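Contents: one structure, followed by commentary.
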Amino acid sequence: MRDAKLREIDERSFLRRLNPMLEVYAAAMDPPDVQLPGRQTIMERHASYDGFRALVAERRGALPVLPGPLQGFAYGFHGARGQWWHDVVFQALSDREGPEYAESWLDDAFEVAELHVRPESQGRGLGRALLTALCEGRPERTVVLSTLDRRPDTPARSLYRSVGMTDLLTDFEFPGGGPRYAVMGGALPLPPYEAGSRRP
């Protein structure tokens, strides 16, 4: 990760960087082009949520004062009733395991909404660095997120498991159709990275 620098940005800077972040999202997720305007609207709305935090990973430029091209980004916020993802997942967990189980994961949760790294920059520990920095010092009791459920050993799933996160839902289809997701959760603070272990 020597060629990238993490930077925490505020809501205003986040909104100014939406286009380069959407470029990273498109490179990492390869969604249909028609979905990108909707994703932009969602990200704009997320920036107004309580407890919002965002980080970007920029390529180090020739001059330290000049940010380089965006290599990755991550953001999240405090989950609450009335938020679409929160309510959908809460209902699914309640249906499968009961409302107490859902509350144990979601009543005081930091929800990681997006974490993406350009494909050419993956495998260097950048995703782990973004996740660790994003969750550092958070006041919530748990961290939760959803990730594509293509198979259980994807780099993303391996990364989340390496910091103690477990599957809460698998093969889950959000309302409106689309690919299947796994919903994962873990306790905060995240455990420290152990030197010598594999770096997803």
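The values are calculated or read from the model by the stated rules, or taken from the named source; none is laboratory data. Owing to the predicted nature of the structure, the values given are computational and were not obtained by experimental measurement. Reconstructed Cβ throughout: ideal geometry from the backbone, glycine too, with neighbour counts over all protein chains shown. Areas reflect the complete protein model, heavy atoms only, side chains present, ligands, DNA and RNA absent. Shrake-Rupley method; radii C 1.70, N 1.55, O 1.52, S 1.80 Å.
Suppose every K and R has +1 on its Cβ and every D and E has -1 on its Cβ; what is the size of the dipole of the range 92-197 about the Cα centre, in Debye to the nearest 20? If you can, show how the numbers build up before the last one.
Working: 11 positive and 17 negative charges, 118 e Å.
In total the dipole reaches around 560 debye.
What accessible area per residue, rounded to a whole number of Å², is obtained for the chain using a probe radius of 1.4 Å?
Working: 10640 Å² over 200 residues.
Averaged over the residues of the chain, the accessible area is 53 Å².
Run the accessible area of the chain with a 1.4 Å probe and give the carbon-and-sulfur part as a rounded percent.
Carbon and sulfur atoms account for 50 percent of the accessible area of the chain.
Might you report the magnitude of the Cβ-based charge dipole of the chain about its Cα centre, with Lys and Arg at +1 and Asp and Glu at -1, to the nearest 20 debye? Before the final figure, lay out the partial values.
On the way: 25 positive and 28 negative charges, 204 e Å.
Computed about the Cα centre, the dipole is about 980 debye.
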### Query
In the chain, with Lys and Arg counted as +1 and Asp and Glu as -1 at Cβ, which of these residues, N19, H86, Y75, has the Cα nearest the positive end of the dipole, that is, farthest along it?
N19
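Tell me the trypsin sites (Lys or Arg not before Pro) within the range 1-40 that lie in a loop according to DSSP and have at most 14 other beta-carbon atoms within 10 Å. Walk me through the intermediate numbers first.
Working: sites: R2, K5, R7, R12, R16, R17, R39; in loops: R2, R17.
Counting only loop positions with at most 14 other Cβ atoms within 10 Å, the trypsin sites (Lys or Arg not before Pro) in the range 1-40 are R2.
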### Query
What is the helix-to-structure angle for 126-135, meaning the angle in degrees between its Cα long axis and the longest Cα principal axis of the chain, kept from 0 to 90 and rounded to the nearest 10?
60
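Determine the order of E8, E58 by accessible area, beginning with the largest, at a probe radius of 1.4 Å. Working shown, then result.
On the way: E8 115, E58 5 Å².
From most accessible down to least: E8, E58.
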### Task
Mind listing the long-range amide H neighbours of R180? Cut-off is under 5 Å, sequence gap 5 or more, other chains count too, H placed in the peptide plane at 1.01 Å from N.
D149
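With viscosity set to 0.890 mPa s and temperature to 25 °C, compute the Stokes-Einstein D of the chain, Rh being the Kirkwood radius across alpha carbon pairs; µm²/s, no decimals.
Details: Rh = 17.4 Å.
Using the Kirkwood radius from Cα pairs, D works out to 141 µm²/s.
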